[in-house]
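Novice: The following block contains the structure, expressed as structure tokens.
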Amino acid sequence: MASKRNVQYSRLPTDEDYDNDGISRRQYDPRFDYTPKALDKIPWKSIVLALFLLFLGSLLLFLSYFILSGHMGGERSQAYGLLALGILSFLPGMLKHFSFITAKMVNQRLYVDH
């Protein structure tokens, strides 16, 4: 037979920012600090990843086009596989790359990825 445990439970606060007494208990969270230096950083890793995906997707799309048009040897199933992989890698790279370009053209600050 299971033994009874002596556990004292307490009621949860209704709002996560306040205790049962109504006293604010908001703690310091460094994630939401505004520092001007944080916005001046250029996200080089994201830019390189976007360019890599853009060029890889373009290469895969060209290969699938050459196989489907008959300029290159290969089966149609290979071409469809390359086409799907090309689309899956081209679209995120294109969208991320163009978001950097439009942010630069509008003279906005770029979002910093950590």
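The values are calculated or read from the model by the stated rules, or taken from the named source; none is laboratory data. Since the model is a prediction, treat every value here as computed from it, not as a measurement. For neighbour counting, all protein chains shown are included, and Cβ atoms are generated from backbone atoms with ideal geometry for every residue, glycine included.
Novice: Could you go through region 50-67 and let me know if any residue there is exposed (fewer than 13 other Cβ atoms within 10 Å of the Cβ), among the small types (Gly, Ala, Ser) and either within 20 Å of Phe90 (Cα to Cα) or modelled with pLDDT of 90 or more (or both).
Specialist: Within region 50-67, not a single residue is exposed (fewer than 13 other Cβ atoms within 10 Å of the Cβ), among the small types (Gly, Ala, Ser) and either within 20 Å of Phe90 (Cα to Cα) or modelled with pLDDT of 90 or more (or both).
Novice: I've got another one for you. Just give me the residues in region 68-86 being under 21 Å from Leu53 (Cα atoms) and surrounded by 14 or more Cβ atoms within 10 Å (Cβ to Cβ), in sequence order.
Specialist: Gln78, Ala79, Gly81, Leu82, Leu83, Leu85, Gly86
Novice: Oh, and also: With respect to the numbered conditions (1) closer than 25 Å to Pro43 by Cβ; (2) at pLDDT 90 or above, which one is the sole condition not fulfilled by Leu95?
Specialist: (2)
Novice: Next question, about the same structure. Would you say Tyr18 is surrounded by 10 or more Cβ atoms within 10 Å (Cβ to Cβ), at pLDDT 75 or above and over 26 Å from the mean Cα position of the chain (by Cα)?
Specialist: no
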